[in-house]
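Reviewing the structure listed below.
No value in this document is a laboratory result; all are computed from the given coordinates. Being a predicted model, the structure only gives us computed values, none of them experimental. We place every Cβ from the backbone using ideal geometry, glycine too, and count neighbours over all the protein chains shown.
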């Protein structure tokens, strides 16, 4: 068994996108009181911890990932008092609250940036500034310092009229990068963590970690160009360059280890459960594994495993799924805890990415593998991407482009309001106009309908969550096998406890397999949870 302090090792996390979860005041925008009201639902479906996408004060240029005040709540979402109520209710229900911490950048409306642009004492080097280059054709014009490109397309440098210098923004123009080579920045961001720990949160999901550091300036104060990647001819696209100077710098790991020290010393000082860190890093496997720690220092408890997102598509067969599972398990250092991510607010929904017939299969895989599961809100009911017209599009990653290509960049389709029931705006809001349109299928795909339908995605999900709470699922060993290239089988076994077998037909046709060829199985088995499309029913079953 485990002590409660290590609650996270078998936790079932649920990501809430606050803007889209529940609106309590009818303005068409989700809010904190809406989340508080719906915590009972999370309890009912078996969630133990929820990660909230950013709720801090923000002009909302990137929907909260552009923070104007790291110490306050976005007024659209509520007040600090509302936040305290949310924490109180979550403690009553024993659901941990994890906040999204966005350390790479702030909003350009943050007072730190305004002070930095004014060159005020202690803030002059809070961000990454550079005078730029003189335009050879016009000496009164300045050009960006080098060829670096923003993840949201175009130059990563923006000229600031006031300071007469360029600042770096790896994301949107309104998201200037903080300068982690400045100890004042490092200390300030640690204070942000301590502030929210004092308010009762159980940890942080840390955003965009690989981008924290850039290479140091050379002796002339300049930054080198990045080489071309050869992956695209579009010189405005981030993928045009090979990011050897702006991503996964070695100093980044040290910063993660320092944040872990803040969390661990907070627990030592104040007692209570472990405060945990979940890190977002779309990086190579050897880099991601270093986030766990380096043998001397501890790092992220949960470095997100995005390989199901990166390596699996709707053409993948069972071998691909097994390979992806093995890829993480075989690379993970000893005594670490695995985690499995299949969706979030930046990725097309599972139903749209992998097919509606794989909604249950993917939930079965994620919830019966060992370690930590992470569910993005709506994946448990099988929500789909919603097509959003150019006029309704609000995601800056798409708005920076044009009507002919925006769909390739937009993350709006997976961010639409949560579907609670068949009433106005799917029960998300009393307002017919919501910040993004509600999916047209909300009368069929919603919590109320699915709870009442024995064979529904939500009931499958809930039965899997009940299985997850058993000793075998928490502590049992894992074996995976593939039959006929199409069927993935996951065995979970623990001596003296029930064994579980998850059988996933990834293909499009009925397959017949005989599990007795590889495992010793009893004469009678029980169907515990079956997908919506399966012909089997829960209950006892005997070999023919």
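Per-residue packing, averaged as other Cβ atoms within 10 Å, sorts the ranges 161-172, 21-32, 178-189 into the order 21-32, 161-172, 178-189, beginning with the highest. Counted by neighbouring Cβ atoms within 10 Å, the residues 504, 399 run from fewest to most as 399, 504. Calculate, in whole percent, how much of the Cα-Cα pair population of segment 409-516 lies beyond 16 Å. It works out to 72 percent of all Cα pairs. The mean sequence distance of close C-alpha pairs (under 8 Å, at least 6 residues apart), as a share of the length of segment 116-206, puts its relative contact order at 24 percent.
As a length-normalised measure over Cα pairs under 8 Å and 6 or more apart, the relative contact order of segment 477-542 settles at 20 percent. For the chain, the relative contact order works out to 13 percent when only alpha carbon pairs closer than 8 Å and six or more residues apart are counted.
With everything on Cα atoms, drop me the angle between helix 80-92 and the longest principal axis of the chain, reported from 0 to 90° to the nearest 10. Here the helix axis deviates by roughly 30 degrees. Extension gain for residue 443-residue 219 works out to 74.3 nm (0.36 nm per residue, less the C-alpha to C-alpha distance).
Relative to the dominant Cα principal axis of the chain, helix 183-198 is inclined by about 40°. Packing here is the average count of other Cβ atoms within 10 Å per residue, and on that basis the peptides 311-323, 372-384, highest first, run 372-384, 311-323.
Calculated mean residue ellipticity, 222 nm, the chain: -7500 deg cm²/dmol, from DSSP H runs (n ≥ 4) at -39500 (n - 2.57) each, averaged per residue and rounded to 500. Here the spin labels are modelled as points 7 Å beyond Cα on the Cα-Cβ line, and at residue 495 and residue 524 they lie 2.6 nm apart. Rounded, prolate or oblate: which fits segment 477-542 when a ≥ b ≥ c are the square roots of the eigenvalues of the alpha-carbon gyration tensor, with rounded for a/c under 1.5 and prolate only if a/b beats b/c? Oblate. Looking at (1) 27.0; (2) 28.5; (3) 37.1, which value of mean projected area of the Cα convex hull in nm² comes from a calculation on the structure shown? Matching the structure shown: (1). To the nearest ten degrees, helix 318-331 and the longest principal axis of the Cα atoms of the chain are 60 degrees apart. Fully extending the segment from residue 532 to residue 229, taken as 0.36 nm per residue of separation minus the present Cα-Cα distance, adds 104.7 nm.
Full extension of the chain between residue 477 and residue 140 yields a length gain of 114.6 nm, computed as 0.36 nm times the residue separation minus the alpha carbon distance. Find how many whole Å separate the alpha carbon centroid of segment 54-77 from the alpha carbon centroid of segment 269-309. With segment 269-309 and segment 54-77 each reduced to a Cα centre, they are spaced 25 Å. Listed peptides 491-499, 354-362, 127-135 appear in the order 354-362, 127-135, 491-499 once ranked by packing, highest mean of other Cβ atoms within 10 Å at the front. Each label was represented as a point 7 Å from its Cα along the Cα-to-Cβ direction; for residue 27 and residue 284 these points are 4.6 nm apart.
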